[in-house]
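Every number here is computed from the coordinates shown, using simple stated rules; none is lab data. Computed from a prediction, not measured in an experiment: that's the story for all the values here. Note that each Cβ is placed from the backbone with ideal geometry, even for glycine, and that neighbours are counted across all protein chains shown.
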Amino acid sequence: MLKIKLKRVTIICLSLCMILMILSGCSSQGGDKPTKNQLMVEYFNSLKKVPKIKKINAELSSYEDMVKYLQSKGYISEDAKPVDINSTKGYLKDQTGGKFTQTNIADKAYDYNGLWLLWWDQANKTNNYENYSSMKNNNGVIALGGGAAILNTSAVNGSFAVAFASNYAKKDAVINDFKSIDNKADTLAYMDSALSLAKLFKEKGYISNPAKFTDLETTYKSGNAVDDKDNQVSFATSSWSYADGVTIFYFGGEPLGAAYANYLALEKGGHTITGYTSDSKGRYYSAMNTKHKNDLKATKYTYHVDAYYKGFAISFDGKKNK
């Protein structure tokens, strides 16, 4: 009888354990779902990684892989002897009558028998990135020294650009093929604006499409200052506040003044972005958050940062007027 009772107790205990395990699983499945803000932070953190690619990508592929791709298409011959454009005179159109001697234009730039391939390292930006930005903003024209020397590229895609010698025979075919190369790169390291991140948030449904946004750099103005630059708030290089309650900040290029102070604070682990308006006479707080001796009525605005990485910050709580 004792053995039978022990077996019954064992069976009952095992049954109770199984029931508890089932209930525990149901409880975890029926728990609170993550909020939209939590999902956005999770997605933002996933963008810190550089995705692996299986085919040529104009944003993510290396210079060497792009050369191999162009060789496979017959645009660069296997026996081509590349000429380093960065260290060779004659590729830039000099506007100074020989006074301008700089030749460096990209992180890598070589001439392959008339096909000139240029590349800028987006993940680890160098001083050459200024030339890349200039090219993007000037319809493919690279201008050095304020226009002292220029180079007209024929096509820009992702981290690359191509140009050609006048006697290169396959120019049109290269341009068509080059422009068709995929350049999608869902990673913060390769983005260069707040709008780039906003585009991904829109694709995920976190920001409505079309998005309604406000440029914070020109929004918080007051008074009648003659110079608007003295009468606006600077938070970052660019700052966009969306109707969905999301604010995106981007610190790119060389942020100045208050933007630079915010950038340094975030890099050191801070979680606040600060900006100041001027008073009605155009007097304002200085960039490093110390009060100007003549300032009487400047208003301070702060944003709590919910996530930050490599010059990008997102905030959900909106501005706080202090």
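Subtracting the Cα-Cα distance of residue 176 and residue 124 from 0.36 nm times their residue separation leaves 15.9 nm of extension gain.
Here the Karplus relation 6.51 cos²θ - 1.76 cosθ + 1.60, evaluated at θ = phi - 60°, turns the backbone of region 93-109 into coupling constants of 8, 7, 9, 10, x, x, 6, 8, 10, 5, 10, 6, 10, 9, 5, 9, 8 Hz, with x for every Gly and Pro. If I histogram all Cα-Cα distances within region 83-204 using bins 5 Å wide from 0, what percent of pairs lands in each bin? Histogramming region 83-204 at 5 Å steps yields 2, 10, 19, 22, 20, 13, 8, 4, 2, 0, 0 percent. The gain in end-to-end length when the residue 208 to residue 195 segment is fully stretched comes to 3.3 nm, 0.36 nm per residue minus the alpha carbon separation. For region 119-171, what does the alpha-carbon gyration tensor say about shape, rounded, prolate or oblate, given a ≥ b ≥ c as the root eigenvalues, a/c under 1.5 as rounded, and a/b over b/c as prolate? Oblate, since a/c reaches 1.5 and b/c is not below a/b. In the structure shown, the pairs 68/108; 68/171; 108/170; 202/268; 108/136; 33/202 are assessed against 25 Å; a Cα-Cα span above that value is assigned to 202/268. When the Cα gyration tensor is reduced to axis lengths a ≥ b ≥ c, the ratio a/c is 1.5 or higher for region 25-131, and with a/b not above b/c it is classed as oblate. How would you classify region 77-124 from its alpha-carbon gyration tensor, with a ≥ b ≥ c the square roots of the eigenvalues: rounded for a/c under 1.5, else prolate if a/b is greater than b/c, otherwise oblate? Oblate.
Round to the nearest 0.05 the FRET efficiency obtained for residue 77 and residue 309 when R0 = 30 Å and r is the Cβ-Cβ distance. Calculated value: 0.10. With the cut-off at under 19 Å, measuring from each backbone N in region 115-136 to a point 7 Å along the Cα-to-Cβ line of residue 64 picks out 117-124. Between residue 84 and residue 268, the FRET efficiency from the beta-carbon distance, with R0 = 25 Å, is close to 0.05. Each label point was placed 7 Å from the Cα along the Cα-to-Cβ direction; for residue 302 and residue 183 their separation is 4.0 nm.
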